[in-house]
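A short write-up of the structure that comes next.
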Amino acid sequence: EEFQHIHGLRAVMLYLSQFGVSPSDAVKIWKRWGLGTQEIIGKNPYELCCEEIGLPFQKADEIAGELEFDAESPERLLAGIEYVLRENLLSGHTCLPRDKLASVACQVLECDVSLCEWAISRSIEEERLVSCPLNGREYIYQPPFFLAERNIASRLSLMKLNEYAPDIDFDAEIDKLEREQGLTFAALQREAIRSALCHNISI
């Protein structure tokens, strides 16, 4: 069993080395797919972008090119859409408007925007992505971030229900604090202090 394990890992590392995949990434790929690695990559090299492996889209695209994958293949289009959403997470965006997502993706994939629109619809049908209409515009999420955002909003709403109205003159208390500490708060700072003291939660 140990021989098969070592031999299998070596075979996978040799196969991946032709694409310039590092040994550390090769080990992650082996742990994920074992001896089925070559078959899975042959069918869809963009699987290498999955969270457990995390190869950059550009690297998977390079491997796909060497395997002579069609640049307009469904696998590439779907992976490109998800890549754009992942990249936007780094800028703090949990979602993107559908039209903007399609526009950016067609630039990344260098294809017609209609193909990106098709890939978005396909991803929604397969529940790889989530569509959320808001104020007349459609927003596209990856499922974990849609669920997280909805859960946070729900909890904030519950916390807001438990608000109280204390019978305290906070302006007088802030004045007293300023005198004691030798401080002078700006108008917005006073408003922030007052708001924090009057509500269970502030955003």
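The values are calculated or read from the model by the stated rules, or taken from the named source; none is laboratory data. Values in this document were obtained by computation on a predicted structure and should not be read as measured data. Cβ coordinates were reconstructed from backbone atoms using ideal geometry, including for glycine residues, and neighbour counts include every protein chain displayed. Ligands, DNA and RNA are excluded from the accessible area calculation, which covers all protein heavy atoms including side chains. Shrake-Rupley method; radii C 1.70, N 1.55, O 1.52, S 1.80 Å.
Taking the stretch 111-131 only, how many residues are of a type outside the set (D, E, K, R) and in contact (Cβ under 8 Å) with a residue 40 or more places away in the chain? If you could, list the steps in order and put the result at the bottom.
Going residue by residue through the stretch 111-131, those that are of a type outside the set (D, E, K, R) are 111, 113-116, 118-121, 123-124, 129-131.
Of the ones still in play, those that are also in contact (Cβ under 8 Å) with a residue 40 or more places away in the chain are 111, 115, 118-119, 123, 129.
Total satisfying the criteria: 6.
Screening the stretch 114-203 for helices (runs of 4 or more DSSP H) wholly inside it with 2 or more residues that are hydrophobic (A, V, I, L, M, F, W, C) and touching a helix residue (DSSP H, G or I) at 6+ places or on another chain (Cβ under 8 Å) returns the ranges 170-181, 187-198. Yes or no: residue 67 modelled with pLDDT under 90 and either open to solvent by 80 Å² or more (accessible area, probe 1.4 Å) or over 21 Å from residue 118 (Cα atoms) (or both)? Taking the combined requirement at face value, the residue does not satisfy it.
In this structure, is residue 98 open to solvent by less than 60 Å² (accessible area, probe 1.4 Å), touching a strand residue (DSSP E or B) at 6+ places or on another chain (Cβ under 8 Å), among the basic types (Lys, Arg) and touching a residue at least 12 places away in the same chain (Cβ under 8 Å)?
Details: open to solvent by less than 60 Å² (accessible area, probe 1.4 Å): yes; touching a strand residue (DSSP E or B) at 6+ places or on another chain (Cβ under 8 Å): yes; among the basic types (Lys, Arg): yes; touching a residue at least 12 places away in the same chain (Cβ under 8 Å): yes.
Yes.
If you check residue 88 against the conditions, is it open to solvent by 60 Å² or more (accessible area, probe 1.4 Å) and of a type in the set (S, T, N, Q)? No: the conditions fail for residue 88. If you go through the stretch 32-53 and keep only what is exposed (fewer than 14 other Cβ atoms within 10 Å of the Cβ) and of a type in the set (Asp, Glu), you end up with 39, 51, 52.
Going through the stretch 1-10 one residue at a time, which ones are assigned to a helix (DSSP H, G or I) and open to solvent by 50 Å² or more (accessible area, probe 1.4 Å)?
Pass one, the stretch 1-10, residues assigned to a helix (DSSP H, G or I): 2-10.
Within the stretch 1-10, 2, 3, 4, 5, 6, 7, 10 meet the criteria.
Look at (1) in contact with a Phe, Trp or Tyr (Cβ under 9 Å, 6 or more places away or on another chain); (2) open to solvent by 50 Å² or more (accessible area, probe 1.4 Å); (3) aromatic (Phe, Trp, Tyr) and you find that residue 118 fails only one, number (1). For residue 72, the criteria (1) open to solvent by less than 40 Å² (accessible area, probe 1.4 Å); (2) part of a loop (DSSP other than H, G, I, E, B); (3) under 15 Å from residue 122 (Cα atoms) hold in every case but one, which is (1). Close contacts from the stretch 13-31, counting a first residue that is open to solvent by 80 Å² or more (accessible area, probe 1.4 Å) and a second that is of a type in the set (Asp, Glu) and in a helix (DSSP H, G or I), with Cβ to Cβ under 9 Å and a gap of 6+ residues or different chains, come to 18/66.
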